[in-house]
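This report refers to the structure that appears directly beneath it.
The values are calculated or read from the model by the stated rules, or taken from the named source; none is laboratory data. On a predicted model such as this, the values are computed, not experimentally measured, just so you know. Here Cβ is always computed from backbone atoms with ideal geometry, including for glycine, and neighbour counts include all displayed protein chains. All accessible areas refer to the heavy atoms of the entire protein, side chains included, with ligands and DNA or RNA removed. Shrake-Rupley method; radii C 1.70, N 1.55, O 1.52, S 1.80 Å.
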Amino acid sequence: MTIAEPDSATPDIKAAARLAQERVSHSDVPIPHDRRRDIARPPGPSPLRALRGMAAPGAAPWFMIGLERTYPVMAHMRLMGEHAYALTDPAAIVEVFIDHGRQTMKGRGLQGAKAVLGNGLLTSEGEVHLRNRRLVQPAFHRDRIAAYAADMVSLAEAHEASWSEGRTFDMQADMAALTLAIVGRTLFGVDLRGDAREVGDALEALLSGMGTRLLLGPQVLRIPTPARRRALEASARMDAMVQRIIDEHRAMGDNGDMLSMLLAAQEEGVGLDDAQVRDEAMTLVMAGHETTAMTLTWTWMLLSQHPERAEWLHEELDAVLAGRTPTMADMASLPRTRAVVAEAIRLYPPAWIQGRRLLADVEVAGWTIPAGALTFASQFALHRSPRWWESSLAFRPQRWIDADGAFSEDAPGQPRGAWFPFGWGNRRCIGEQFAWTEATLVLATLAQRWAPQLMPGADVTPMPAVTLRTRNGMPMVLRRR
Ligand code: HEM
């Protein structure tokens with residue numbers, strides 16, 4: 001199926017800004033504030049250091065690592081006028097994010113992201129979130145993932161046609177194009193690369209604009225910067241496009257894709273209206289596209305930097321697949337492929353920080369953190385901590401293989417709370433199995449025949465945006481195996 005060309009008319013920015021503000025101000029639970037003076041203040045950095053550490057370009061992941069080393073349980077700081085607690089110990093993280101998960105709501109960043117994502121699964125709260133999670137869940141059932149797996153592999157093979165020996169290119173942009181195609185096909189049943197090329201540009205504008213909001217909160221929405229204008233324009237274009245796709249789906253009936261399932265989903269005779277379907281669809285595109293693209297990008301970089309590990313992976317691909325197209329049924333026979341993906345996610349977690357605002361006082365390690373305070377934990381810091389991981393900075397995919405030779409997330413022996421790439425509990429990533437399947441099968445498809453090499457001298461310093469990316473892409477040259 002192809003979709004109509006996007007509107008080329010300039011969107012009405014004032015209307016888009018009004019809509020964004022409306023979406024942000026919508027909250028399903030009242031936001032408490034931490035006005036009390038007598039609250040717990042375990043040691044932590046000064047307000048100036050905290051602001052610099054969180055807001056200076058590129059600094060935040062390293063600042064998180066510094067906190068984890070200096071304050072081994074938690075650190076208190078004042079951040080933009082609020083009390084914030086960085087949780088640096090796995091047990092403390094489990095206490096807040098899992099044991100007291102229901103007494104929290106999302107932090108500042110995702111409140112701000114409502115401007116674009118509305119009240120979708122990532123940003124909604126309370127009862128609305130629970131009901132919509134039940135309605136969306138069937139689209140991620142095992143059988144559905146198996147059906148999407150066939151699309152994932154066929155799109156990877158089609159994508160491979162653009163790869164040729166010696167071609168130099170930006171792997172980050174290349175993987176983003178592939179995962180966008182996969183999301184487009186599985187979610188909307190359309191080719192987002194062809195007619196609607198503009199989706200990629202709109203997403204880019206939205207994601208880069210959202211990076212700042214994530215750290216500074218929704219108030220930046222009111223500051224009229226060029227980035228805000230670009231993000232609002234992009235949001236309006238995406239809105240128009242998603243609405244058109246919804247209208248076409250309603251007219252056509254079940255298309256076998258995720259959007260058809262969302263349109264048909266009902267609980268006690270009540271389904272999702274167009275605005276809710278739009279918010280969920282937008283959320284799935286945004287949450288599901290760049291995260292997996294970055295997982296694959298960092299994976300290719302690490303394989304290029306560690307030829308002996310690439311060799312270890314190739315042995316498995318040659319033995320199990322021997323050149324044929326992988327399928328969902330091969331997943332269990334590809335433990336090394338999955339381990340390579342897991343190790344890339346450990347070192348370069350696409351979701352590198354997670355925040356929550358407390359809705360009630362919570363006891364953590366002898367301190368009472370008050371209702372209204374912000375808490376956060378960083379996957380980047382915990383996944384790289386020498387306290388919980390042997391040779392913590394080494395790329396050692398073998399650590400994920402258990403004594404029976406199977407892939408196991410428990411194999412490295414890390415405590416609960418030191419490994420959380422997909423989050424927790426009822427807010428755990430709904431796309432987790434989708435992402436494992438996609439990353440494993442795309443890697444298996446392409447790494448059978450290709451060993452892309454990092455360009456010498458490339459700057460691959462991680463750069464925190466919505467996901468953990470690099471500042472200037474990932475320049476690589478294509479080499480056949
Ligand atoms: C490697 C890839 C991915 C990573 C690392 C990742 C990570 C995460 C994390 C950490 C959260 C929790 C956020 C929080 O609690 O604040 C989350 C939630 C979510 N993710 Fe993913 N994700 C990935 C892929 C996907 C995919 C492929 C999809 C959809 C196709 C998706 C859809 C979602 C949605 C809808 C939520 C919100 C769930 C809820 O709150 O009910 N993600 N993801």
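The set of residues in region 414-452 being part of a loop (DSSP other than H, G, I, E, B), near the ligand (Cβ under 7 Å from one of its atoms) and among the basic types (Lys, Arg) consists of ARG428 alone. Of ASP318, ASP257, ASP247, all but one fail to be of a type outside the set (Lys, Arg), touching a residue at least 40 places away in the same chain (Cβ under 8 Å) and surrounded by fewer than 20 Cβ atoms within 10 Å (Cβ to Cβ); the exception is ASP318.
Considering the conditions (1) part of a helix (DSSP H, G or I); (2) more than 13 Å from the ligand (Cβ to nearest atom), GLN137 is excluded by exactly one of them, (2). Being touching a helix residue (DSSP H, G or I) at 6+ places or on another chain (Cβ under 7 Å) and under 20 Å from MET282 (Cα atoms) is not true of LEU79. When the test is whether a residue is surrounded by fewer than 23 Cβ atoms within 10 Å (Cβ to Cβ) and within 15 Å of the ligand (Cβ to nearest atom), TRP389 does not pass it.
Report whether or not ALA264 is of a type in the set (Gly, Ala, Ser) and either within 12 Å of the ligand (Cβ to nearest atom) or more than 25 Å from ARG428 (Cα to Cα) (or both).
no
Of all the residues in region 95-110, those that are assigned to a helix (DSSP H, G or I), open to solvent by less than 20 Å² (accessible area, probe 1.4 Å) and of a type outside the set (Gly, Ala, Ser) number 2.
In summary, GLU82 fulfils each of the numbered conditions (1) modelled with pLDDT of 90 or more; (2) surrounded by fewer than 20 Cβ atoms within 10 Å (Cβ to Cβ); (3) away from the ligand (no atom under 16 Å from the Cβ); (4) acidic (Asp, Glu) with the single exception of condition (1). Within region 400-411, if we keep just the residues that are surrounded by fewer than 20 Cβ atoms within 10 Å (Cβ to Cβ) and under 27 Å from GLN305 (Cβ atoms), the residue that is nearest to the ligand (Cβ to nearest atom) turns out to be GLU409.
Listed here are the residues, each with its yes/no results for (1) out of contact with any Gly (no Cβ under 8 Å at 6 or more places or on another chain); (2) within 10 Å of the ligand (Cβ to nearest atom).
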| residue | (1), (2) |
| --- | --- |
| ASP274 | yes, no |
| ARG278 | no, no |
| THR299 | yes, no |
| LEU303 | yes, no |
| THR327 | yes, no |
| ALA344 | yes, yes |
| ILE353 | yes, yes |
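Checking the stated criteria, GLY417 turns out not to satisfy the condition of being more than 25 Å from ALA55 (Cα to Cα) and open to solvent by 10 Å² or more (accessible area, probe 1.4 Å).
With the structure loaded, tell me whether GLU308 is surrounded by fewer than 20 Cβ atoms within 10 Å (Cβ to Cβ), free of Cβ contacts under 8 Å to residues at least 24 places away in the same chain and either within 13 Å of the ligand (Cβ to nearest atom) or not basic (Lys, Arg) (or both) or whether it fails that test. Against the criterion (surrounded by fewer than 20 Cβ atoms within 10 Å (Cβ to Cβ), free of Cβ contacts under 8 Å to residues at least 24 places away in the same chain and either within 13 Å of the ligand (Cβ to nearest atom) or not basic (Lys, Arg) (or both)), GLU308 qualifies. The number of residues in region 101-134 being acidic (Asp, Glu) and either touching a Gly at 6+ places or on another chain (Cβ under 7 Å) or more than 10 Å from the ligand (Cβ to nearest atom) (or both) comes to 1. If we scan region 167-182, do we find a residue that is surrounded by fewer than 22 Cβ atoms within 10 Å (Cβ to Cβ), aromatic (Phe, Trp, Tyr), in a helix (DSSP H, G or I) and in contact (Cβ under 8 Å) with a residue 12 or more places away in the chain? Within region 167-182, not a single residue is surrounded by fewer than 22 Cβ atoms within 10 Å (Cβ to Cβ), aromatic (Phe, Trp, Tyr), in a helix (DSSP H, G or I) and in contact (Cβ under 8 Å) with a residue 12 or more places away in the chain.
Would you list the strands (runs of 3 or more DSSP E) that sit entirely within region 337-383 and hold 1 or more residues that are modelled with pLDDT under 95 and within 16 Å of TRP400 (Cβ to Cβ)? Give the steps one after another, and end with the answer.
Values: elements: 354-358, 362-364, 367-369, 374-377.
Strands (runs of 3 or more DSSP E) meeting the threshold: none at all.
Cβ separations smaller than 9 Å between residues 6+ apart or across chains give the following pairs from region 423-447 residues that are without any contact (Cβ under 8 Å) to a residue 12 or more places away in the chain to residues that are small (Gly, Ala, Ser) and within 9 Å of the ligand (Cβ to nearest atom): GLU432/GLY423. State which residue is farthest from ALA332 (Cα to Cα) when the search covers only region 423-472 and only residues that are polar (S, T, N, Q), touching a helix residue (DSSP H, G or I) at 6+ places or on another chain (Cβ under 7 Å) and open to solvent by 40 Å² or more (accessible area, probe 1.4 Å). Among residues in region 423-472 that are polar (S, T, N, Q), touching a helix residue (DSSP H, G or I) at 6+ places or on another chain (Cβ under 7 Å) and open to solvent by 40 Å² or more (accessible area, probe 1.4 Å), the one farthest from ALA332 (Cα to Cα) is GLN453. Entry remark, region 455-475: residues being outside any loop (DSSP other than H, G, I, E, B) and under 30 Å from GLY423 (Cβ atoms) number 6 in total. Total residues in region 282-325 satisfying the condition of being closer than 22 Å to VAL153 by Cβ and of a type outside the set (A, V, I, L, M, F, W, C): the figure is 15.
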